[in-house]
1. How many residues does the stretch 211-246 contain that are touching a Phe, Trp or Tyr at 6+ places or on another chain (Cβ under 7 Å), in a helix (DSSP H, G or I) and either surrounded by fewer than 10 Cβ atoms within 10 Å (Cβ to Cβ) or at pLDDT below 90 (or both)?
2. Is it true that Trp186 is open to solvent by 70 Å² or more (accessible area, probe 1.4 Å), touching a Pro at 6+ places or on another chain (Cβ under 9 Å) and touching a residue at least 12 places away in the same chain (Cβ under 8 Å)?
3. Give me the residue from the stretch 7-34 that is assigned to a helix (DSSP H, G or I) and at pLDDT below 80 and, out of that set, surrounded by the fewest Cβ atoms within 10 Å (Cβ to Cβ).
4. Residue check, Ala99 against (1) at pLDDT below 80; (2) touching a Lys or Arg at 6+ places or on another chain (Cβ under 6 Å), all met but one. Which one?
5. Tally time: how many residues in the stretch 102-149 are among the polar types (S, T, N, Q) and modelled with pLDDT under 70?
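The values are calculated or read from the model by the stated rules, or taken from the named source; none is laboratory data. Bear in mind that the values here come from a model prediction, so they are computed numbers and not experimental data. Please note: Cβ atoms are built from the backbone with ideal geometry, for glycine as well, and neighbour counts cover all protein chains shown. Just the protein is used for accessible areas: all its heavy atoms, side chains included, with ligands, DNA and RNA removed. Shrake-Rupley method; radii C 1.70, N 1.55, O 1.52, S 1.80 Å.
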Amino acid sequence: MRRADRLFLLVNALRGRRRAVLARDLAATLGVSLRTVYRDVADLQRSGVPIEGEAGVGYVLRHGAEIPPLMFDAEEIEAVVVGIRFARAFAGNRLSESAARALVKIEAAVPERIRALGDRTAILAPDCRGESTREFGALLDALNEAIGARRVLRLDYRDAADTVTTRDVEPLCIVFWGGSWTLGGWCRLRAAFRQFRLNRIEAMTATGEVAEDRVERSLETLLREVRRRPGSVAPEPRAAPPLALA
């Protein structure tokens, strides 16, 4: 492990703890010796990181302290750049704009040599598809907000036979399959998990109801159900294709 990564993980292990963490526990977490923990803590303290405590007592990060920035290597920055490109192209208006701001910050923080390597990655996410319009992005934003707030949605949904039904749905996830988008959730009409193709949603309104936190209707339960299907591999954190379409 690089020393910069180890220092980051050490500070992260202390962040948010109300009680002091013993050096031996930090050593076990990081897979290093006690001597290394003592040396790293002393170096962080000298650099201004507000770690309080001492050997034999334990260490605690002063409340409100910020974690120092993590430096990326070439492969890590390439992965970040690719992820941001896909977020800008496919993740809706809000996350697209946030991804663009994040990329500016990353480019300002990493060394020029590492940034140039990330810029040269050949994995692109073209944003010229019809689903990259502001209108479609607004739909993704609305669905994402509804999932976070546990809002029950009422959908006028057109199925494969062109029959339109009205469904009250507890939304759980949005999945992009490379060629199509689906909304995964608990369908009250079918009393089961279903996926709804976004291009078949004729109308969508919030019912004003907030869905209860029920284990049997949660994203975790949906994923477990998918994994139990023969030959299914459930990606994280989304539903897999074998889950029944609405």
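1. 1
2. Values: open to solvent by 70 Å² or more (accessible area, probe 1.4 Å): no; touching a Pro at 6+ places or on another chain (Cβ under 9 Å): yes; touching a residue at least 12 places away in the same chain (Cβ under 8 Å): yes.
So Trp186 fails the test.
3. At the first step, the residues of the stretch 7-34 found to be assigned to a helix (DSSP H, G or I) are 7-14, 23-30, 34.
From what's left, at pLDDT below 80: 8, 12.
Values: Phe8: 16, Asn12: 13.
The qualifying residue surrounded by the fewest Cβ atoms within 10 Å (Cβ to Cβ) is Asn12.
4. (1)
5. If we filter the stretch 102-149 for residues that are among the polar types (S, T, N, Q), which is where we start, we get 121, 132-133, 144.
Retained after the next criterion (residues that are modelled with pLDDT under 70): 132.
Selection size over the stretch 102-149: 1.
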